[in-house]
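Readers should treat all values here as calculations from the given coordinates under stated rules, not as data from a laboratory. Please read these numbers as outputs of a predicted model, since none were measured by experiment. Note that each Cβ is placed from the backbone with ideal geometry, even for glycine, and that neighbours are counted across all protein chains shown.
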Amino acid sequence: MSGGRLAITLHDAGEIVPPTKIYDAIRDGLLDFGLNTPAWQKGKYPAGDLFYTLPGGVLEFNDLIIWLYAGGGKELEQQMYGDEVIVFPLGLTPPEEIWSKKPIRTLADMKGLKIRAAGLSMELWEKLGASVVLLPGGEVLPSLQRGLIDATEFLEPSVDYTLGLHEVCKYRFGPPVHMSNNIFQLMIKPAAWKKLPDDLKAIVEKAAMAATFQGYATFWMDSIEYNKKIEDYGIITTKLSKEEQAKTTKLAFEILEQKSKKDPYFAKVWTSQKAFIEKYKPYYNLTKFD
């Protein structure tokens, strides 16, 4: 898109800094840019979870994307980081399922399980009596193999299958009550951003958007193919009842309200999302098939 005027050198996760330290490396000037998830800044920016994904079906694909790109979401995300990093949405994945070594037919079955999770789903699982562990991707399979965790969420079927989750977990369940879609972020060092002329800045921003939606379409096609492979392998997949799903929505709202009382910026972002949902749902409900 830049006609060769913008050269990008890519490094794999862990090659320069661990995945959880990408934000720090960009903020401190070690990296010019990087791909990250707001979940890794959970301690410093509690509101980051709201830009990543929400549990209980509170914000699904349409809601999240419209709020983020046109409802003030990405502006609130930049405001949260201030002048530490420049940030744009980059990378969207289809909904995912939960993998487990035991069948999960009701939420009560989660009690006592050790589960790998991230974002606000950590609080959801804790409310349901599970023990929660935040693990980077490379540690998920070994932790399942050694019995350090009993269940995990990771990504959509193609990544889950490639990782080998079907080889250690016999069960999956849905819908994705822990989160709807994952959307990640492009972080850029402010000094590097300022050096770019305006047209290259526009190219970077629009390229991030194009990659996000093209990647989402490709991810979905991969999900369809690999979901069939998972089914053919013999994985037992179950789905929570409407009543059980409604319980997670109720718990999600409780979590969001509780966290809003502890962090003013979390409250500001959640207030924006709630206001958007109220405006969005009437027409959306009119247009969808029951």
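Rounded to the nearest 10 degrees, the inclination of helix 198-233 to the longest alpha-carbon principal axis of the chain is 20 degrees.
With the charge dipole of the range 117-262 set up from +1 on Lys and Arg Cβ and -1 on Asp and Glu Cβ about the Cα centre, the Cα lying farthest toward the positive end among the listed residues CYS169, LEU196, TRP220 is that of LEU196.
Rounded to the nearest 10 degrees, the angle from helix 61-70 to the longest Cα principal axis of the chain is 20 degrees. In the chain, helices alone account for a calculated mean residue ellipticity at 222 nm of -14500 deg cm²/dmol, with every DSSP H run of four or more residues adding -39,500 (n - 2.57). Cross-linked pairs LYS44/LYS281; LYS247/LYS268; LYS102/LYS127; LYS201/LYS268; LYS21/LYS44: Cα-Cα separations exceed 21 Å for LYS44/LYS281; LYS247/LYS268; LYS201/LYS268. Distant-in-sequence amide contacts of GLY56, defined by a placed amide H-H separation under 5 Å and a gap of 5 or more residues or a different chain, comprise HIS178, MET179. If R0 is 41 Å, the Cβ-Cβ spacing of SER131 and ASP12 corresponds to a FRET efficiency of close to 0.85. Dipole size of the range 181-290 about its Cα centre, with +1 on Lys/Arg Cβ and -1 on Asp/Glu Cβ: approximately 520 debye, rounded to the nearest 20. Where is the GNM fluctuation largest for the chain (alpha-carbon springs, 10 angstrom cutoff): MET187, MET221, MET122? Among MET187, MET221, MET122, the largest mean-square fluctuation in the Gaussian network model of the chain belongs to MET221. Checking [x] 6, 26, 35, 24, 8, 1; [y] 6, 24, 33, 21, 11, 4, 0; [z] 6, 22, 26, 15, 9, 8, 8, 5, 1, 0 against the coordinates, the calculated P(r) over Cα pairs in 10 Å bins from 0, in percent falls under label [x].
Label-to-label distance, THR271 versus TYR69, with points set 7 angstrom from Cα along the beta-carbon direction: 2.8 nm.
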